[in-house]
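Okay, structure first, notes after.
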Amino acid sequence: MDRRTFVKSSLITGSVLGPFSLKTSSMEDRSKQQWYELRTYIFSNDTQRQLTETYLQQAYLPALNRAGITPIGVFAESQPQAIARTFLLIPLDSIQTFVTIQEKLARDATYLKTGEAYLSAQAANPAYDRIESSLLRAFVHMPSLEMPEKKERIFELRCYESPSEAAGQKKIEMFNEAGEIDIFKKVGARPVFFGETIIGQRRPNLTYMLCFDDMAAHDARWKDFGSNPDWQRIRAIPEYSDARLISKITRTFLTPTGYSQI
């Protein structure tokens, strides 16, 4: 397949499964897609982390819940290289919710009072070093967050960077139309969300989260995924080769905090 054909097929879905892909990409289905803010707090010391964690638990999550935003995931790195970063996953039913939430928080007296220590932190003693945030749109084939069972569990956050926008759209097609999401569910690697990064770092990329009981289950489910005949069929299609569609994969293992709602 030459480059011109590849780009065309990347932008027009249906090249593999025909009518099914046209159906899943309809405007009706797209109107049901959630948005996600994926936020990372970066700290230089544990005092910052504790202040931010207190704010999230006592002020921020309750305020978002009062505004109708729920459930919210809060996770810590299970294999940090320095001070563990804190990750937030915030599901949003519309882009308008994302745009207006700060205005609602500014009028929430309970939030302002409860979060005062964090909100008024001075430059000499900041609550964090930086916040990194991305806005993602859910995939058509998994248009909303799926809650995992509340028990002992770990999460794997995976980010696939692509060499071009066309390649990124083709990789998303693999998950949606070609059936990669269904394979994850079939082998017991429990998806939480899949999202395309609309605003954020390292674009073009897609990000998704899987849930496992523990690392042994993680390794077993990925082994099952790799040997699944449907996956073997998909990965054998030349236009879906990783060498063509993916330039970098980043994975982060996370554990939910005690107050996480996911």
Percent relative contact order of the chain, based on C-alpha pairs within less than 8 angstrom and at least six residues apart?
-> 27 percent
If one takes the longest principal axis of the Cα atoms in the chain, at what angle in degrees, from 0 to 90 and to the nearest 10, does the Cα axis of helix 165-176 lie?
-> 90 degrees
Which whole-number value in Å² is the accessible area per residue of segment 118-262, probe 1.4 Å?
-> 45 Å²
Tell me the label-point distance for the pair R39, S133, using the 7 Å Cα-to-Cβ offset, in nm and rounded to one decimal.
-> 0.6 nm
May I ask for the net charge around T197, where only other residues with Cβ less than 14 Å from the Cβ of T197 are counted and Lys, Arg are +1 while Asp, Glu are -1?
-> +2
Net charge near I69, counting Lys/Arg +1 and Asp/Glu -1 over other residues with Cβ under 11 Å of its Cβ?
-> 0
Using the eigenvalues of the Cα gyration tensor, what equivalent ellipsoid semi-axes result for segment 104-172 when each is taken as the square root of five times the eigenvalue, whole Å, largest first?
-> 34, 20, 15
Compute the signed sum of charges (Lys and Arg +1, Asp and Glu -1) over the other residues within less than 12 Å, Cβ to Cβ, of L88.
-> -1
Cα-centre dipole for the chain with unit charges at Cβ (Lys and Arg positive, Asp and Glu negative), debye to 20 | 380 debye
Return the lysines within reach of K248: Cα separation strictly under 20 angstrom, same-chain partners fewer than 8 residues apart disregarded; answer none if there are no such residues.
-> K170, K171
If you build the Cα gyration tensor of segment 154-262 and take the root of 5 times each eigenvalue, what three semi-axes come out, in whole angstrom, biggest first?
-> 23, 19, 11
Which lysines, on any chain, are close to K151 with Cα under 28 Å apart, when same-chain ones fewer than 8 places away are left out?
-> K185, K186, K223
On each of the three principal axes of the Cα atoms of the chain, give max minus min coordinate, whole Å, ordered largest first.
-> 58, 40, 32
Accessible area of the chain belonging to carbon and sulfur atoms, whole % at 1.4 Å probe | 51 percent
Could you name the lysines whose alpha carbon sits less than 20 Å from that of K32, not counting residues in the same chain fewer than 8 places away?
-> K23
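The values are calculated or read from the model by the stated rules, or taken from the named source; none is laboratory data. Since we're looking at a predicted model, the values are computed, not measured. Cβ atoms come from the backbone with ideal geometry, glycine included; neighbour counts cover every protein chain shown. Just the protein is used for accessible areas: all its heavy atoms, side chains included, with ligands, DNA and RNA removed. Shrake-Rupley method; radii C 1.70, N 1.55, O 1.52, S 1.80 Å.
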